[in-house]
Structures are given as C-alpha cells and as structure tokens.
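Here is the structure we will look at, set down as structure tokens.
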Amino acid sequence: MQTLEFPLPEAANVSALDRAMRARFGDRISGISVAGDVLMVHVLEPQDDDEDAALDVLAAHDPDALTPEQAARKTADDAPARAAAIPGWATWDEAETVAWIEDNVRDLESAKQVLIDMARLLVALRDAQWPGLAIEAERVTKK
Amino acid sequence: MAWNAPVTQSVGTLITPAIWNSQIVENLLYLKSPPITLMDSLQTLTTSSSSYVNVFETQNIVTAAGGRVLLMGLGYANHNESGVVELHLNLTVDGVDDVAGSDGYVRQYLQGTGREPFVMLYMSDTLSPAMHTFRLRAKVIPIAGTTGTVTITTRRFWLMEV
C-alpha cells in the first residue's frame, strides 16, 4: 500500500472527501486518513497519475456539501424542532388529542388539516428514529 | 540503569563491592525503575481505511535486560456518520506489521455517531536489549455497506520492560 500525503484544506469535510476519493479511485484505495493538518490517501494499487487525481479531488472539494449520511443526520437533529412546531402536538396528552379532533374535525377540509399535522409528526419521528432509512431504502432498491 | 544477569555464587566467594553493586544495587534499581515509555495527549487520527494504517507515529522503548515489553493503549473512537462500522486495532512490533493478523487485537462495533472506549493490552516475546519500535494501527470495516470515517483518540500509550 502506498500512502500519498497532502496538506489538509483549512475547512475540510473529511467524510465528503472520503466519498469523493472513493468515487475517483474506486477500489484502488482502502480509504483516507487525517492526522493533524495532513491528509493521507491510502492507495492499494498505485498508478502514475494518482497524485494529480487526488489533487483534482481536493481542488473540487466543497466542505459545505454534505454526504447523504451527514444530511440524514442533520435532518434527524432537526426533527424535534419540526415536531415542536406543529401546533398542539408537542404538548397534548391522549385525552387532549382526542378532544381536539372531536371538536375540530367537522368536514373533509378540517380532517385533511389533522392528517397533514399527523403526517408531519410521523415524518419527524421517522427521521429521528431511523436517520439512515432513506439511504438504506435506496441501497435495497439498487440491489 | 542496566540489568545484570544474576550470577550464582559459591561457598567462600568474597562478595566484593563490585559484585555487590552490580548484582544487588544495580539490579534493585533496575527492578524499581525499569525502562518505560509513557505517552499522553496523542494526536487523533481520522480514517476510513479498510487496510491497517498507523494511528500515530513510532513509539520506541530501549530495553535493558532482554525481557518482555508490556504495552497498554487506551482511548476512544467516534464513528462520524450513521450506520455501523467495525474498528480493528493492531500493532506493529519492530517492523513486523499487524502482529495479530487481519482481525487485530481489538474489534469494536461503532454504531450511529456513537463513541466507544477501547483498551489494548499486549505483552511481547522476549526482546534483546536494544531499541524496539511499536506502533498502534487501525482499520475500519463497513458493515452492511456502510462507509464512513472513524476518529480514534488515544489518551494513553505506554510501554514498560517487564
């Protein structure tokens, strides 16, 4: 294995760099490492243009662009705030929830509003409980 | 303080100051303070490598008695993304990489963005009196297709001749 070393960009998203290097090198790298301000690319099957290829990836690196896993984690972290923003649902107990529905669901339009609020709550719960679910579903679909 | 191989004395042998100092004084001093390398506040390593890489640079110990070396490393590891990966920790001893084979001495599942502690204890074979090199190494194996980086923080690493 050959390890190529580069200065780590000041603002780096190491997980995104890992993803980008794997996209560029495929199975020819075992991964990357960061120690202090040094970025290491671990090349299993070295080729002449590996250093240039890694520099290309570094030049194109956008530290603000999240990996799918990081985006899912951010969505999960936001979930409690989204649930709290649904009027009533953050504080009602069971009796209060039933009473509110009985008092307010009078026609299709009001029923639709309750369903929307419940759907928002379900989505927030899903995001918090299974942050990687969409990624896993995509992986299963690809298989 | 070097270790002096004990010599069996015969009846009637005169214990001279040289013998006393070499056999008793120096060996007692060695036993009280054997060679030790003690490291703390080591640099962290973030890695996604599925092949073993060095966690930190070479650590050396100069052994004096031709004995074994007891090693301890402890710290914690963070998985930086969702999903599950398996962290493997291994050793290089005197240029021989990954002495525990592919699986390593420590295997640790890291779930979600969790943090888990690790401790590694290792005793070497008998080594000659000389400088010996030890390195802690790590690799990250994705579970069920999950990739991601792991940050390994080594809080203590020490070597002691025993």
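Observations on the structure shown:
- The listed residue being of a type in the set (Ser, Thr, Tyr), within 14 Å of chain B (Cβ to nearest Cβ) and farther than 24 Å from A:PRO9 by Cα, out of A:THR67, A:THR75: A:THR75
- Residue selected from the stretch A:17-42 under the condition facing chain B (nearest Cβ under 10 Å) and not in a strand (DSSP E or B), by the criterion surrounded by the most Cβ atoms within 10 Å (Cβ to Cβ): A:ASP18
- Of the strands (runs of 3 or more DSSP E) lying entirely inside the stretch B:1-98, the ones with 3 or more residues being within 14 Å of chain A (Cβ to nearest Cβ) and either within 27 Å of A:ALA20 (Cβ to Cβ) or within 13 Å of the chain's Cα centre (by Cα) (or both) are found at B:45-47, B:69-79, B:84-93.
- So A:TRP100, is it assigned to a loop (DSSP other than H, G, I, E, B) and among the hydrophobic types (A, V, I, L, M, F, W, C): no
- Within the option set A:ALA54, A:ALA12, being farther than 19 Å from B:LEU45 by Cα, touching a residue at least 12 places away in the same chain (Cβ under 8 Å) and of a type in the set (Gly, Ala, Ser) holds for one residue only, A:ALA54.
- When A:LEU133, A:LEU108 are checked against the criterion of being of a type outside the set (Gly, Ala, Ser) and more than 14 Å from the chain's Cα centre (by Cα), A:LEU108 stands alone in meeting it.
- Qualifying residue in the stretch A:43-54 (condition: exposed (fewer than 13 other Cβ atoms within 10 Å of the Cβ), within 28 Å of B:THR153 (Cα to Cα) and either assigned by TED's automatic domain parsing to the domain that holds A:TRP130 or of a type outside the set (Lys, Arg) (or both)): no
- Annotation note: Cβ proximity below 8 Å between a residue of the stretch A:94-122 that is small (Gly, Ala, Ser) and a residue that is modelled with pLDDT under 95 (sequence gap 6+ or interchain) occurs for A:SER110/A:ASN104; A:ALA111/A:VAL105.
The values are calculated or read from the model by the stated rules, or taken from the named source; none is laboratory data. No experiment lies behind these values; they were computed from the predicted model shown. All Cβ positions, even for glycine, are placed from backbone atoms using ideal geometry, and neighbour counts span all protein chains on display.
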